[in-house]
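A short worksheet on the structure shown next.
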Amino acid sequence: MKQALSCNQGIMALDSLAERSADMFAKCFGRAPRWKAAAPGRVNLIGEHTDYNDGFVLPMAIDRYTVVAGDRNAKREVTIHSVTTGETASFSMRSKISRGQPGWSNYVRGVVAGFQQRGFKISGFDAVIDSTVPFGGGVSSSAALEVATATLLEAMAGEKLDPIEKALLCQKAEHEFAGVPCGIMDQFTSVLAQQDHALLLDCRARTTTAVSMADPEITVLIVNSNVRHKLVDGVYANRREQCETAARILKVPALRDTTLKQLTAARDAMDSIVFRRARHVVTENERTLEAARFIQSRNWLKVGELMYASHASLRDDYEVSCRELDIIVEIAQSMGEKEGIAGCRMTGAGFGGCAVSLVRTQSVKSVARKIEEAYEDKTGNLPAIFSSRPAGGARVLA
Ligand code: GLA
């Protein structure tokens, strides 16, 4: 995949980001960091709100990272400075680690607590966090922070967790320390992603299949609506409950275990809203598996059709889109294949954040420019547009 230069200007490459975090570490703590751990954000190509229904998702990591540069200290205390917010957080490791302020420190606290619970001998440490993952943009800045922290702790302990255990530990940190009942997609992707591949993840079996995206003709273009509606957390938990209600009525362990035919047959047994939520999940699982097959055969227009259908289902049945995301998808759809767009949909939890699109590489510049103009025209806001090749998962940097 090629990188569009027009819309990625000013974005730091990973090595520069790592250097900046090391410089800041030296400034804050008066020595060089011993380790630098990086973890990417992600964009989900398709398979939305299916992970907590034991279903299928098809995300890829993006070339945007969170770096945690750190070193042990001689105390039983953790001190972390965030370059993004300019804040410094400290907490003691002498007593049980609990939630605290500032809010972002909870991702670190949760991961450190998880390592302690698993019996890892973690000493106190100093760290600096720096990131190019847009915060609050629905591309998993929180998972990137959790996974980068976990990667640093592995290096500090000189011991590695099984990658799946590592992703689950980070998910637990998000549940217990950030209060978000998320599924497994974001942390899995940040840990296990492979360069130039999307990851087809079976969220029940917790198995992954790497799906090659190495086609120079096509570029993944991400359009950040630059809006974040407040609803998101409460609605996320509500949708999860509605899915569980549907599964209970259908007498199946999870919506993964039902078909559209079975669901339709049980339509009268459930509230019409619960029915629509379940219909989204069931059809989205089918679309995701189909999309993986079409990616394998490089049939990008078919993948694109499934992306548009996914968006419509998220908008109408699952009701987690918003005006700004719908506008981006409408703009993309009206430009269509003739202007170089194969498909577009909202990505992530919804209510703002980003849309993801598949664009013919040679048209990336003109597509980005047109979407930007049309979006500004319709909403009065400027989007942030960037392309990304599928990036590799978390690692310790040299
Ligand atoms: C958030 C969650 C994921 C997933 C998506 C929706 O990103 O963290 O687990 O549920 O929403 O697909």
Notebook entry, point to check: Restricting the first residue to the range 184-206 and requiring it to be free of Cβ contacts under 8 Å to residues at least 40 places away in the same chain and within 13 Å of the ligand (Cβ to nearest atom), which pairs with a second residue that is open to solvent by 20 Å² or more (accessible area, probe 1.4 Å) and of a type outside the set (Ser, Thr, Tyr) meet a Cβ separation below 6 Å and a spacing of at least six or different chains?
Noted result: none
Item checked: Test result for Arg64, among the charged types (D, E, K, R), in contact with a Gly (Cβ under 9 Å, 6 or more places away or on another chain) and farther than 21 Å from Asn224 by Cβ -> no
Notebook entry, point to check: In the range 77-94, what residues are modelled with pLDDT of 95 or more, of a type in the set (A, V, I, L, M) and either over 26 Å from the mean Cα position of the chain (by Cα) or open to solvent by less than 10 Å² (accessible area, probe 1.4 Å) (or both)?
Noted result: Val78, Ile80, Ala89
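Could you tell me which residue of the range 53-64 is farthest from the ligand (Cβ to nearest atom), considering only residues that are within 14 Å of the chain's Cα centre (by Cα) and open to solvent by 10 Å² or more (accessible area, probe 1.4 Å)? Outline the logic, then answer.
Step one: of the range 53-64, the residues within 14 Å of the chain's Cα centre (by Cα) are 57-64.
Within this subset, residues satisfying the condition of being open to solvent by 10 Å² or more (accessible area, probe 1.4 Å) are 63-64.
Working: Asp63: 19, Arg64: 15 Å.
Among residues in the range 53-64 that are within 14 Å of the chain's Cα centre (by Cα) and open to solvent by 10 Å² or more (accessible area, probe 1.4 Å), the one farthest from the ligand (Cβ to nearest atom) is Asp63.
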Next item on the list: Check whether at least one residue in the range 30-51 is among the acidic types (Asp, Glu) and either under 30 Å from Leu250 (Cα atoms) or touching an Asp or Glu at 6+ places or on another chain (Cβ under 6 Å) (or both), and report yes or no.
Entry: yes
Item checked: When residues of the range 167-180 are limited to those that are in contact (Cβ under 8 Å) with a residue 40 or more places away in the chain and more than 14 Å from the chain's Cα centre (by Cα), the one nearest to the ligand (Cβ to nearest atom) -> Ala178
Note to self: Checking the conditions here, which among Val320, Val303, Val329, Val356 is assigned to a loop (DSSP other than H, G, I, E, B), under 23 Å from Arg277 (Cα atoms) and under 23 Å from the mean Cα position of the chain (by Cα)?
What the structure shows: Val320
Margin query: Please go through (1) farther than 25 Å from Val191 by Cβ; (2) part of a strand (DSSP E or B) for Asn44 and return the number of the only condition it doesn't satisfy.
Written below: (1)
Notebook entry, point to check: When residues of the range 134-164 are filtered for being under 18 Å from Ile80 (Cα atoms) and surrounded by 24 or more Cβ atoms within 10 Å (Cβ to Cβ), how many remain?
Noted result: 12
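Can you tell me which residue within the range 97-133, out of those that are of a type in the set (D, E, K, R) and either in a strand (DSSP E or B) or within 16 Å of the ligand (Cβ to nearest atom) (or both), is surrounded by the most Cβ atoms within 10 Å (Cβ to Cβ)?
Checked the range 97-133; the qualifying residue surrounded by the most Cβ atoms within 10 Å (Cβ to Cβ) is Asp130.
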Notebook entry, point to check: Of all residues in the range 20-44, how many are touching a helix residue (DSSP H, G or I) at 6+ places or on another chain (Cβ under 7 Å) and more than 11 Å from the ligand (Cβ to nearest atom)?
Noted result: 8
Notebook entry, point to check: Any residue in the range 70-89 that is out of contact with any strand residue (DSSP E or B) (no Cβ under 8 Å at 6 or more places or on another chain), within 16 Å of the ligand (Cβ to nearest atom) and touching a residue at least 40 places away in the same chain (Cβ under 8 Å)?
Noted result: no
Notebook entry, point to check: Given the conditions (1) surrounded by fewer than 16 Cβ atoms within 10 Å (Cβ to Cβ); (2) closer than 19 Å to Gly138 by Cα, and given that Ala39 satisfies all but one, which numbered condition is not satisfied?
Noted result: (1)
Margin query: For the range 341-394, give me each residue that is under 29 Å from Val191 (Cβ atoms), surrounded by fewer than 21 Cβ atoms within 10 Å (Cβ to Cβ) and of a type in the set (Val, Ile, Thr).
Written below: Thr361
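The values are calculated or read from the model by the stated rules, or taken from the named source; none is laboratory data. What you see is a predicted model, and the numbers here were worked out from it, not measured in a lab. As a convention, Cβ positions derive from the backbone with ideal geometry for all residues, glycine included, and neighbour counts pool all protein chains shown. Heavy atoms of the whole protein, side chains included, go into the accessibility calculation; ligands, DNA and RNA do not. Shrake-Rupley method; radii C 1.70, N 1.55, O 1.52, S 1.80 Å.
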